[in-house]
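Visitor: Got a structure for you, written out below as structure tokens; questions coming shortly.
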Amino acid sequence: MIRLACKIPNKVVLACSAGRDSMSALEFLLRGRREVTVAYFNHSTPHGDDAERFLRSFCSQECLPLVVGQYHHKPSLSKPSEASWREARYEFLSSLNQPIVTAHHLGDAVEWWLFSSMRGNPSLIPVCREDINVIRPFLLTKQHDFHQRCKLYPHVEDPTNAQTVHTRNYIRHEVVPKALKVNPGLFRTVANLYERE
């Protein structure tokens, strides 16, 4: 079951990576007869270029408006970091001046809650960020349910998602499975935290 954490406006921009989660979100929004503009931020990686080509083709075929941003590396940084990518991505999205929907789901919320807890400051991914006009309506929906309830659109997965070099992926692949052995109800626990807010 897809459980929404907030209302979704009729006219939105979807922050789309071209992966299965965001393409499922696109299918859900279009099925709900919402007016959707697809927004893609190219991180200037080989996968980023592949995903951009895919989305340009897909959106052209489906007659969907597409806006694209591009990461420009700052010489002061030795190499791009997750933080610099995230900052540039949200700067691009906030410049669009429309409600931005992301495909974050309950699995993402659990990962962030574990990560922030281990750093001594347990927190939840905000459902809404008014400063950059972002809403995350799917934070109460498990990824499996998200995929089961949405038509499987073509998609392009980032191969680095399977690697554990980045902290986010390490938590997803290594920490979450172990945490579920300690507390099989972990996802329900985090969902309850949202419902108490």
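Visitor: So which of V67, V12, V38 ends up being within 16 Å of the chain's Cα centre (by Cα) and over 18 Å from P154 (Cβ atoms)? I'd like the intermediate steps shown before the answer.
Guide: Details: V67 fails: within 16 Å of the chain's Cα centre (by Cα); V38 fails: over 18 Å from P154 (Cβ atoms).
After ruling out the rest, the residue left standing is V12.
Visitor: Further question: Would you mind finding the one in R168, R136 that is within 17 Å of the chain's Cα centre (by Cα) and closer than 16 Å to M118 by Cβ?
Guide: Exactly one of R168, R136 is within 17 Å of the chain's Cα centre (by Cα) and closer than 16 Å to M118 by Cβ, namely R168.
Visitor: Here's a check for you: in the range 133-148, which residue that is among the aliphatic types (A, V, I, L, M) and outside any loop (DSSP other than H, G, I, E, B) is surrounded by the fewest Cβ atoms within 10 Å (Cβ to Cβ)?
Guide: This residue is V134.
Visitor: Oh, and also: Would you pick out the residues in the range 96-132 that are part of a loop (DSSP other than H, G, I, E, B) and open to solvent by 70 Å² or more (accessible area, probe 1.4 Å)?
Guide: Listed by number, the residues that qualify are N97, R119, N121, P122, E130, D131.
Visitor: Which of the residues belonging to the range 4-43 are surrounded by 15 or more Cβ atoms within 10 Å (Cβ to Cβ), of a type in the set (K, R) and not in a helix (DSSP H, G or I)?
Guide: R34
Visitor: Just a yes or no: is a residue in the range 45-54 surrounded by fewer than 15 Cβ atoms within 10 Å (Cβ to Cβ) and outside any helix (DSSP H, G or I)?
Guide: Scanning the range 45-54, I find at least one residue that is surrounded by fewer than 15 Cβ atoms within 10 Å (Cβ to Cβ) and outside any helix (DSSP H, G or I), so the answer is yes.
Visitor: Something else now. Considering only residues that are modelled with pLDDT of 80 or more, of a type in the set (A, V, I, L, M) and not in a helix (DSSP H, G or I), which ones fall in the range 55-79?
Guide: Residues of the range 55-79 that are modelled with pLDDT of 80 or more, as a first pass: 55-70.
Among the residues that remain, those that are also of a type in the set (A, V, I, L, M) are: 55, 64, 66-68.
The answer is L64, L66, V67, V68.
Visitor: Would you check which residues across the range 156-189 are modelled with pLDDT of 85 or more, open to solvent by 70 Å² or more (accessible area, probe 1.4 Å) and assigned to a loop (DSSP other than H, G, I, E, B) and list them?
Guide: E157, P184, listed by residue number.
The values are calculated or read from the model by the stated rules, or taken from the named source; none is laboratory data. Everything quoted here is computed from the prediction, not taken from an experiment. We place every Cβ from the backbone using ideal geometry, glycine too, and count neighbours over all the protein chains shown. Only protein heavy atoms, including side chains, enter the accessible area calculation; ligands, DNA and RNA are left aside. Shrake-Rupley method; radii C 1.70, N 1.55, O 1.52, S 1.80 Å.
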